[in-house]
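Contents: one structure, followed by commentary.
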Amino acid sequence: MSDHPLVQLSLARMREFYREPEAIFWVFGFPIVLAFALGIAFRNRGPGELRVAVQQGSGDSAVAATLARAPGLSAVVLDSSQARLQLRTGRLALLVVPGETVVYRFDSTRTESRLARLEADEALQRSRGRVDPARVTEERVTEPGSRYIDFLIPGLLGMNLMGSGLWGVGFSVVQARTKKLLKRFMATPMRRSDYLLSFVLSRLVFLFVEVAALVGFGWWMFHVGVRGSLGAVAGITVLGSLSFAGLGMLVASRARTIEAVSGLMNLVMLPMWILSGTFFSYARFPDAMQPFVKALPLTALNDALRAVMIDGSSLARLGAPLGIVAAWGLVSFVVALRIFRWR
Amino acid sequence: MAVAGLDLTVEARECFGLLGPNGAGKTTTIEILEGLTAPDSGEVEVLGMRWTRGTGESRALRERLGIQLQDTQLADKLTVEETVRLFRSFYRSAHSVEEVLALVELEEKRTSWVGKLSGGQKQRLAVACALVSRPELLFLDEPTTGLDPQSRRQLWEVIGRFRAAGGTVLLTTHYMEEAERLCDRVAIMDHGRIIALGSPRSLIASLGAEHVVEFALADGSGRPVAPATEELAALPGVRAVRPAVDRIALTVEEVHRAVPALLALLERRGAELSLLATHHATLEDVFVSLTGRQLRDE
C-alpha cells in the first residue's frame, strides 16, 4: 500500500513542501500575520469618551459637572487660549462657553464634534428642565459577526486557498518540467493520472493544517466563530482547494520556466485579490462589473465561506457559488489535461 | 532535422555506444529509442515491442527498461532513499532499496538529501533510479559527462556489474576512452548520421595503422617550410596525413621507421620541431580521419 505510486508521489510532494521553510511561512504564517495586523488596525473601537471643555468664566464648574454626568462625555475646565489650542489640534471635540447664551464652539465637519454637541446639548437642556415627550428605550448590539475581522477571516481563508492551490501546484509542476524530472517520470511506467492526483492529495493534507491554523487563530485572537457547521466549512474549503489546484494545473500546463509561470500566476490572482471581496466588499464596484466579479472563483468561494461562517447558512443553500467554484476547477482540470506539456 | 537515415541493431547482452560530438544527434536517437520522442518516420523495435502500439504495450515495455536522461535534476530536498523508493513504486517488479543502493555503492548516503550529493554521487543515484526496475535494457545518455576520473571509473564499474548480470546497455558518450573501454560495438555519429559502425578495435583497424604521430613546427604554423602533404605521405610506413590547425597528424604503421624518416625530412628543410608525440590510434583518430574535425571541440 505504502509503495503505491500515488502514495509515494504524494509523500514526495509533501516532503518537498515542508522541507522548504519559506513555503511554510507563506502558506501558514503569512495569512495569520495578515489577519493579526488587519484585525488590530481595523478593530471596532466605537466612539469611546468624547472630550469636551468648558471655558473659564462664571458658572463654569456647574456646567462642567452637568456635562461630566452625561454618558460618553468627559468634561474639563480650561482657560480660553488653552481651549482654543486644544480644539484646533483635535484633542477637544467641543468647547462650551457658559453664559446667558451658551455657545458651542466646534468643527462641524468632524463627526465626533457633532456627536459631542448633540450629547452636551441634551445634557444641558435636561438639566435646565427640558422634558422629552416621547418615551424610548435602547437595545445595544455588540455581537461578534458584524466586525471587520469577522468579514476578513473568511476572505483570508479564500485567498489562502487560492494562493496555495495555484502556487503549490503550478510551481512544482513547472519546476519538475524545467529540471526535466517530468520527462524522467515519463520514461517510467508511471501513470500520468497518478502524478496529477498526487498534487490533489497532498494539497488536501495541507489544506486541513492551513484552515485549522487560520480559523483557530481567528477564534483564539478575535473570537471569530463559525456560526454554520464546521463540516460545511470543511466541504467548501476542500472544493475550493481542488478548484484552485485545477486552475494551478492549467496555469502550469504549458509554461517552461519559473518566470513564465510566476507571471501567469500573478495575472490570474491579481484581479481576484482586488475584485473578489477579500479585504473589502465587492459591492463597492459598479453594477456593470458585478456579473464579472461574481463569476470569479474566489468571489464565489468567499461568498460561500462568509455565508457559512457569518450567517450560518447550510451547504444546500449555497448551490450557486459552489457551482461556480466547481465549474472553474473542472473546466481548468480538463483543459489542463488536454494541453499539458509532459516534457 | 536532428537525425536522418539511421539504421542500426543492438544485440541482446551487448554494450552499444553512440559516439559523436555535441549536436551529432545522439540524444535525439536515444530518446526516439526510449519512446520519449516520436520519429517523423521510420520504425523502432525495442525488445520485440513497439512504442506505436498503444499505451498498454508502451507501459509493458517501460517496465523492462532502465533509463537515465542527460539533464534530469532529481529533487534536491528528497533523500537518496526516498528518491529510489519513489522510482521503484512505478514498477511492478523492482529491486529493494537496499539492493539497488548496493549496486551503485551509495549505501552510506542513504539518508542524505540529493542536493548535498557530489556530481558523481548524483549520477550514480540517477543510474540507481534506472536500475531499480531490474531492466533488461539500460539506456544511459552521457552518463559520465562532467565527472572527475574517479567518479567515472566508479560508474564504469556499475555498468560492468549490470552487464555481468546479463543486461544490455545502450549508451551515448563523447569520450572515446569510455566507448573503447565499455562498448562491444560503437556507432560514430556526426550531423545526425552514422558515419562508422563496428567494434572499437575494428574501427581503429580501419585506419590501416595502429599509431599516430603528431608534430608541430617551432614557428607556429610554419607552413612555408613544412613539407607538403604528398611528401609526408610518401614517407615509409605512413598511411595517412591529416593537417590540423596547430599540428600535423600522421597515421603510421611502424613508428620506428616513420619517425626517423620524418626527422630526416625536416632536417633537410631546416625546420625545427616544437612538438613530437606518438600514441596508439583511438576512436578519436577514427572520427578525425572521417570528418577532419576533433571529436571534442571545446
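Computed values, structure above
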| item | result |
| --- | --- |
| Nearby aspartates and glutamates by direct alpha-carbon distance to B:Lys77 (threshold 17 angstrom, same-chain neighbours under 8 apart not counted) | A:Glu16, A:Glu20, A:Glu22 |
| Part-to-part distance (alpha-carbon centres) for segment A:15-31 and segment B:112-126, which is given in Å | 25 |
| Residue-averaged 222 nm ellipticity for the protein assembly as shown, from DSSP H runs of 4+ at -39500 (n - 2.57), nearest 500 | -15500 deg cm²/dmol |
| Quotient of C-alpha Rg and 2.2 N^0.38 Å, computed over segment A:93-229 | 2.13 |
| Kirkwood-based Rg to Rh ratio, segment A:1-138, C-alpha trace | 1.47 |
| Radius ratio Rg over Rh of chain A, counting only Cα atoms, Kirkwood formula for Rh | 1.20 |
| Added length on full extension, which subtracts the Cα-Cα distance from 0.36 nm per residue, A:Ala260 to A:Val331 | 23.4 nm |
| Relative contact order of segment B:179-298, pairs being alpha-carbon contacts under 8 Å that are 6 or more residues apart, as % | 29 |
| C-alpha center-to-center spacing [segment B:227-298, segment A:132-199] in angstrom | 71 |
| Average Cα contact separation per residue, chain A, under 8 Å, 6 or more apart, as relative contact order % | 20 |
| Rounded to the nearest 10 Å², the accessible area of A:Arg15 at probe 1.4 Å | 50 |
| Descending principal axes extents, segment A:50-127, alpha-carbon based, whole Å | 28, 24, 20 |
| Relative counts (whole %) of C-alpha pair distances in chain B, using bins that are 10 Å wide | 6, 24, 27, 20, 13, 8, 2, 0 |
| Percent RCO, i.e. relative contact order, over segment A:50-127, from Cα pairs under 8 Å lying at least 6 residues apart | 35 |
| Only Lys, Arg (+1) and Asp, Glu (-1) charged, at Cβ; the protein assembly as shown dipole about Cα centre in debye | 2400 |
| Two-decimal Rg to Rh for segment B:183-274 - Kirkwood Rh, Cα set | 1.06 |
| Heavy atoms of B:Asp148 accessible to a 1.4 Å probe, total area in Å² rounded to 10 | 80 |
| DSSP-loop GluC sites (Glu not before Pro) across segment A:99-144, with at most 11 other Cβ within 10 angstrom | A:Glu100, A:Glu138, A:Glu139 |
| Helix runs (DSSP H) in chain A reaching 30 Å along axis by Cα, Kyte-Doolittle at least 1.0 | A:192-222, A:230-252 |
| 28 Å Cα-Cα threshold exceeded, pairs from A:Lys179/B:Lys116; A:Lys180/B:Lys116; B:Lys26/B:Lys116 | B:Lys26/B:Lys116 |
| Rounded to the nearest 10 Å², the accessible area of B:Lys26 at probe 1.4 Å | 10 |
| Calculated log₁₀ intensity ratio I(q)/I(0) where the Debye formula runs over C-alpha points of segment B:42-135, q = 0.23 Å⁻¹ | -1.10 |
| Straight-distance crosslink candidates among aspartates and glutamates, where the alpha carbon sits under 18 Å from A:Lys294 and sequence neighbours closer than 8 are dropped | A:Asp303 |
| Volume per residue of the C-alpha convex hull in segment A:268-328, rounded to whole Å³ | 85 |
| Order of exposure, largest accessible area first, which applies to A:Met186, B:Met189 with probe 1.4 Å | A:Met186, B:Met189 |
| B:Trp51, B:Trp156, ranked by accessible area, largest first (probe 1.4 Å) | B:Trp51, B:Trp156 |
| Whole-angstrom Cα spans of the protein assembly as shown along principal axes, big to small | 138, 62, 50 |
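The values are calculated or read from the model by the stated rules, or taken from the named source; none is laboratory data. Values in this document were obtained by computation on a predicted structure and should not be read as measured data. Cβ coordinates were reconstructed from backbone atoms using ideal geometry, including for glycine residues, and neighbour counts include every protein chain displayed. Each accessible area value is taken on the protein alone, full model and side chains, heavy atoms only, with ligands, DNA and RNA left out. Shrake-Rupley method; radii C 1.70, N 1.55, O 1.52, S 1.80 Å.
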